Amino acid sequence: MNLLRKGIAICLHLWTSRPVLTTLAVLAACTAIFMFIEWRQGRSWRRYFTRAVLTDLEYAIFYIGGFFAAIWYPLFRLFDYLVRTSGFQSFALLAPFHPAVHIVAFMVVTDFAEYWKHRWMHASPRLWPFHSIHHSQQTMTLLTSYRFHFVDEIFNNVIRFAIGLIVGIPAAAFLWLTALMTIYQSIQHSDLGWSFGPLDRILVSSRFHNVHHSAEPRHFLRNFGLLFSVWDLIFGTAVLRAERPARYGIDDPVVPPSFVSQFFFPWRRNRREAHAPEILVDAAYK
Ligand SMILES: [Zn+2]
Ligand SMILES: [Zn+2]
């Protein structure tokens, strides 16, 4: 009973804390703005009121509301300790340089590592079921940016924290960059069809990332970049100036619709395929 009371108290404290309330307010405001823009482009706002988008909302609550932090608590505590004791200056390879250099170096190195991590998630038969959760959404909205299996997200966090510690970035800058990146990825996942024109060769626009989610075979395994599209250009995986995809999502694997079943899906899928290894990943995703 005591444990239950304690749990409820922690939840109440968290859900009335400023960071959670601010994030929820920003998310609600962005959702309203994007719904309006999409409505002006002739797209129905009704597509937000579907089972699939509700699942994305459950992912948002999972990440914003502290449930994700609870799952990766041991790692979270370790990173939290390192940040508090060193302020992301453990190795501080760029110590002689201005903090702005640290921030730019952190963004470039992290994005480069995440580009390759992303390609790995698509290439590995064992990891693809985890990342396929993100690609299973057929209705792209800003909430799709939260639809990540927690294992996928733990990989991202380990990369960001490790590079933050090696490069040496001010802790406050790390938090701001994380917040800005969250908003930026919300724009990328909205079905706005926005392109940055010539800047699409450097930065990932909504149009550029929409191609990565396209269900058309000619778009498979393209546009892996998160912040910078330049990696895709260098390594030959870029599709620029593409039409807005007609359809989003994947055919294989068939991902269950609910948050809870998706939580266990990758392990179930891998266990099942271990007994039938001939078709683990669709040929297009190898
Ligand atoms: Zn992907
Ligand atoms: Zn995406």
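What the table shows:
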quantity	calculated
Column: log10 I(q)/I(0), Debye, Cα scatterers of segment 23-89, q = 0.25, 0.28 Å⁻¹	-1.09, -1.17
Distance between segment 235-260 and segment 180-194 - C-alpha centres, whole angstrom	15
Label-point gap, in nm, between Ser17 and Leu54 - each point 7 angstrom along Cα→Cβ	2.9
Environment charge of Met140, counting only residues whose C-beta is closer than 11 Å and scoring Lys/Arg +1, Asp/Glu -1	+2
Listed residues Asn2, Ile33, Thr50: farthest to the positive end of the dipole of segment 2-285 (Cβ charges)	Asn2
Total formal charge among the other residues, if their Cβ is under 15 angstrom from that of Phe36, Lys/Arg +1 and Asp/Glu -1	+2
Segment Ile8-Leu180, extension gain: residue separation times 0.36 nm, minus the distance between their alpha carbons	58.9 nm
Nearest-0.05 FRET efficiency for Asp80 and Ala100, computed from C-beta distance (R0 35 Å)	0.85
Net charge of neighbours whose Cβ lies under 15 Å from the Cβ of Phe155, counting Lys and Arg as +1 and Asp and Glu as -1	0
Simple Cβ-charge dipole of segment 2-285, Lys/Arg +1 and Asp/Glu -1, about Cα centre, in debye nearest 20	460
Computed FRET value (nearest 0.05) for Val26 with Ile202, which takes r as the C-beta separation and R₀ as 30 Å	0.70
Computed helical MRE - 222 nm, the chain, DSSP H runs ≥ 4 contributing -39500 (n - 2.57), nearest 500	-18500 deg cm²/dmol
Amide proton proximity set for Tyr248, modelled H, under 5 Å, gap of 5+	Ala215
Extension gain (nm, one decimal) between Leu93 and Ile61, 0.36 nm per residue minus Cα-Cα	7.9 nm
FRET efficiency estimate (nearest 0.05) - Cβ-Cβ, Ser124 to Val239, R0 25 angstrom	0.65
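Values quoted throughout were computed directly from the atomic coordinates according to the rules given, and no laboratory measurement underlies them. Quick caveat, the model's predicted, so the values are computed rather than measured. As a convention, Cβ positions derive from the backbone with ideal geometry for all residues, glycine included, and neighbour counts pool all protein chains shown.
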